[in-house]
Every structure is written in C-alpha cells, then in structure tokens.
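K.L.:
Quick one: structure below, then a few questions.
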Amino acid sequence: MLPLKQRCCQSASGPHNREVTSENPPPSDPAGRPGPAERALGGANLPLLRGHNAAVLLGLLRAAGEGGVSRLELAEGSGLTPQAVSKITARLREEGLATEAGRRASTGGKPRTVLRLVPGARHAIGLHLDRDESVAVLADLAGEPVAVRRAPLDLGAGADEVLAAAAAQVAEVRAAAPEARVIGAGVACPGPLDHRTGVLHRVTGLPQWDGYPLRAALAERLGLPVVLDKDTNAAAHGLAQQADGAGSFGYLHLGTGLGAGLVLGGAVHRGARTGAGEFGHQVVQLDGPRCGCGKRGCIEALCLAAVAAGDPAEAARVLGVGAANLVELLDVDRILLGGRTVLADPPAYVRGVAASLDGQLRAHGAAEARTVPVVLAPGGPHTVPLGAAHLVLASLFAPPHGPFTGARAAL
C-alpha cells in the first residue's frame with residue numbers, strides 16, 4: 001500500500017503527485033510537460049497511478065465541501081470502481097485526510113455513508129515577497145487562512161537579509177498554529193523568473209537578483225519543500241482553484257508594479273519560456289515616461305505616474321486600455337483586479353477599468369457581441385500569498401471533472 005505522503009511538485013500545475021528530490025528530478029521537457037514516465041499511467045507505473053487516483057478523490061472531496069459525498073458518487077465522479085474507491089478512501093481516513101460526515105436518507109437501499117475532506121489535516125505556507133513588504137499565510141487544505149503575518153521588507157537589501165526575514169516570518173506563522181502539519185511553502189515574488197528551476201531573472205529595478213536560485217536557498221533555510229512562482233501567476237493559480245475549472249481570465253495586479261496572471265482553459269499560462277504575464281511592460285506611448293525596465297511609455301510607468309499624482313481615475317483608465325488589449329488579444333472571459341493600489345480605492349478601479357475596456361471594445365464593434373465583466377479578485381490583500389499556498393496544495397489534488405465541480409464558488 002502506498003502511503004499518502006504530502007508532496008510538493010516542481011510545477012504545481014502538473015497533473016500528477018510526484019515527489020521532487022535530487023534522485024527524482026522534475027521533467028526535463030522545456031515547457032514543463034510530463035515526460036514519458038509521467039504519461040505512463042497504466043500498470044507499468046502502479047505507484048504513480050495510486051497516487052493520482054488518491055488525488056482525484058481528494059479533489060472531489062474538496063469540491064464537495066462540508067456537505068460531503070458518498071463513495072458511490074466518488075466512483076461516478078472519478079470513473080474508478082467502487083472497490084477501488086473504498087480502498088483509497090480507507091487510506092485517506094487512516095491518514096486523517098477524510099472522515100465520515102453522517103449518512104444520507106435511504107432511497108430504497110442501504111443509507112449511504114457520506115465522506116468529507118478534513119481541512120485541518122494538513123497545511124501549507126504561502127509567502128509573498130514584495131519589493132517593500134512580505135505577507136505569510138498558513139492555509140488549510142480548503143485554502144482558508146489559519147494565520148497571517150505581514151512585515152516590512154526591502155527586497156533590494158540582498159539575499160542574506162531577505163532570506164533571514166522570510167525565515168523569521170514563516171516561523172511566526174507556524175508558531176500561531178504549532179500543531180499544524182505543514183507540507184511545504186509556496187513563495188511568490190516579482191518576476192521575471194523561471195518557476196521550473198526556481199531561479200530569478202532580472203527583476204525590474206532589482207537586477208542584482210538575476211540568476212539567484214531563490215527556491216533552493218529558501219528550501220534550505222526553511223527546512224521545507226518550496227515551490228516558487230511569480231506573484232501574479234501564484235494569484236491566478238489560486239483564483240483558478242475557486243472557479244469551475246474552465247474558462248479563461250486575466251488577473252491584473254497593481255501594487256508596487258503591474259503584472260498579469262493569465263488563466264486559459266482553466267490552467268495558468270506561463271509560456272514556453274515561463275515569461276508570459278509581463279503585462280506592465282507593454283508600450284502604449286512611444287514618447288512616454290521612462291519605466292524601471294528601461295523602456296519608455298510602458299503601461300506600468302503610466303499607471304504608477306497617475307497613482308503618484310493622486311489620480312486613480314487616470315490610473316484606472318490606463319489600466320483599462322491594457323485590459324482591453326488583453327481581451328482583444330486572448331479573448332478571455334473576465335478581468336479580475338487586485339493589488340494594494342487597487343484595494344486602496346476598489347470602486348474607482350473597477351468602474352474605470354470597466355469603462356475603458358467597454359469603450360475600446362465598442363469602438364471595434366465587439367461590445368454588442370459580448371460583455372467582459374471586471375470584478376475585484378477574491379482574497380483581498382491575501383490573494384497572492386493564498387495563491388502561493390495553493391501552489392503547494394495543488395500537489396495533493398487532481399482537478400475534479402465530476403458532478404461536484406459546481407460546488408466550487410464561481411469567480
């Protein structure tokens with residue numbers, strides 16, 4: 001019997017539970033896709049199959065919520081036999097990950113026992129390292145925050161100081177729930193970076209981080225498995241877990257900088273070289289102000305200039321132009337807004353972006369055919385660190401594609 005250990009995968013968006021160690025490296029495919037061994041989910045790779053089937057059932061249990069789900073419904077939703085479901089759920093109960101949640105009234109046969117996920121059975125840490133502050137959350141299996149800690153941070157102070165600050169904050173959030181079984185830490189920070197190798201590239205305004213192996217350094221310092229991604233990708237990944245597993249959206253994050261997380265067809269789109277989402281550095285004014293990236297007229301520079309001038313309406317208008325470009329390029333279903341600058345005046349940004357977006361679509365004759373909603377992203381100030389925690393939790397859950405997917409809250 002394969003013990004259901006908690007595993008942090010190299011790419012949290014991957015579909016399989018696969019422990020990443022020096023003896024079991026991540027897939028070598030440059031796009032992060034599983035290799036031949038990972039794709040062989042038949043009898044030749046039974047331990048992996050068992051882990052995947054358990055993840056499928058855990059995903060269904062999570063989607064079912066507090067109301068729970070019967071074993072027969074788990075079999076129908078997963079495509080597994082009732083016998084296989086019984087064996088796997090027995091292991092999940094032994095591990096404390098699932099428990100009975102009562103019985104359902106009989107409809108002619110034996111009353112069905114209902115099972116539910118135990119959210120407090122395991123926890124993950126989500127850490128957002130921003131340019132001037134850090135936020136750490138301890139999240140349960142349902143993705144709910146159990147403890148939150150926020151502190152000032154100077155991301156330009158150097159690796160030693162940043163690592164020490166991150167370790168101290170993680171220690172604080174763990175101390176808030178000392179009995180929690182922590183399975184790993186998800187770390188989100190400004191990009192660009194390579195989430196597959198855990199190495200930073202030339203972070204805008206902070207070129208000294210170029211080539212730094214942040215994931216490995218934090219894993220050694222924290223004593224935990226670590227998953228690293230861009231802040232916008234982490235947020236988008238977490239938001240996608242709250243959706244129905246389908247559809248597409250753009251998450252626009254305006255804080256100390258401006259970036260986007262893209263979810264296409266229910267999955268985070270990172271691009272062939274993990275560089276997707278550098279939304280803030282699209283040039284919209286050739287002779288515009290100098291941006292921190294070195295170019296002129298980037299939408300980030302224009303937005304931040306308007307914010308500095310105390311003009312949120314202008315910042316929202318500019319942001320809406322970028323949102324319209326994104327919608328016209330990728331035809332996404334909706335736009336979600338987040339980041340501390342947006343949260344300082346949510347109505348102004350939601351209204352301003354929606355008006356600018358609608359105006360551009362209408363000018364091109366597209367507004368009559370469809371409306372693209374603009375809404376505030378769930379999670380408020382914790383959207384990014386909770387998304388980072390979901391990067392870890394994703395290694396336990398395979399996306400459910402059964403009758404319980406509707407139990408998830410739609411964005």
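K.L.:
Across every pair of different alpha-carbon atoms, what Kirkwood hydrodynamic radius in Å does the range 209-314 reach? Provide the component values of the computation, followed by the final result.
P.N.:
Values: mean 1/r = 0.0637 Å⁻¹.
Kirkwood radius, the range 209-314: 15.7 Å.
K.L.:
Still on this structure, please answer the following. Let a ≥ b ≥ c be the square roots of the eigenvalues of the Cα gyration tensor of the range 53-190; is it rounded (a/c under 1.5), or, if not, prolate (a/b larger than b/c) or oblate? Before the final figure, lay out each step's value.
P.N.:
Numbers: a/c = 3.48, a/b = 3.03, b/c = 1.15.
Cα axes put the range 53-190 in the prolate bin.
K.L.:
Sticking with this structure for a sec: Return the long-range amide H neighbours of V114 (sequence gap of 5 or more, or a different chain), with a cut-off of under 5 Å between placed amide H atoms.
P.N.:
The answer is A101, G102, R103, R104.
K.L.:
Using DSSP to define loop residues, name the trypsin sites (Lys or Arg not before Pro) in the range 187-277 whose beta-carbon has at most 12 other beta-carbon atoms within 10 Å. Present the calculation step by step, with values, prior to reporting the outcome.
P.N.:
Numbers: sites: R196, R202, R215, R221, K230, R270, R273; in loops: R196, R202, R270, R273.
Here the trypsin sites (Lys or Arg not before Pro) that fit, given the DSSP loop and packing criteria, are R273.
K.L.:
Here's a follow-up. For the range 138-178, what does the relative contact order come out to in percent, with C-alpha contacts under 8 Å and a separation of six or more?
P.N.:
On the way: 24 pairs, mean separation 17.2, N = 41.
Relative contact order for the range 138-178 comes out at 42 percent.
K.L.:
For R296, list long-range residues whose amide hydrogen, built 1.01 Å from N in the peptide plane, is under 5 Å from its own amide hydrogen.
P.N.:
When sequence neighbours closer than 5 places are left aside, the close amide H contacts are C291.
K.L.:
In Å², and per residue, what accessible area does the range 165-315 have when probed at 1.4 Å with the other protein chains present?
P.N.:
Values: 5770 Å² over 151 residues.
I get 38 Å² per residue for this part.
K.L.:
Shape of the range 262-391 from its Cα gyration tensor (a ≥ b ≥ c, root eigenvalues): rounded if a/c is under 1.5, otherwise prolate when a/b > b/c, or oblate?
P.N.:
Rounded, since a/c falls under 1.5.
K.L.:
What shape does the range 119-274 take by its C-alpha gyration tensor, where a ≥ b ≥ c are the square roots of the eigenvalues and a/c under 1.5 counts as rounded, a/b above b/c as prolate, and the rest as oblate?
P.N.:
Working: a/c = 1.67, a/b = 1.03, b/c = 1.62.
Oblate.
K.L.:
Determine the relative contact order of the range 161-248: mean sequence separation of Cα pairs under 8 Å and six or more apart, normalised by residue count, in whole percent.
P.N.:
Working: 104 pairs, mean separation 25.1, N = 88.
Result for the range 161-248 is 29 percent.
K.L.:
By the scheme Lys and Arg +1, Asp and Glu -1, what is the net charge of all other residues having a beta-carbon under 12 Å from that of L72?
P.N.:
Neighbour charge sum, excluding L72 itself: +2.
The values are calculated or read from the model by the stated rules, or taken from the named source; none is laboratory data. Given the structure is predicted, the values throughout are model-derived calculations rather than measurements. Glycine also receives a Cβ, built like all others from the backbone with ideal geometry; neighbour counts cover every protein chain displayed. Ligands, DNA and RNA are excluded from the accessible area calculation, which covers all protein heavy atoms including side chains. Shrake-Rupley method; radii C 1.70, N 1.55, O 1.52, S 1.80 Å.
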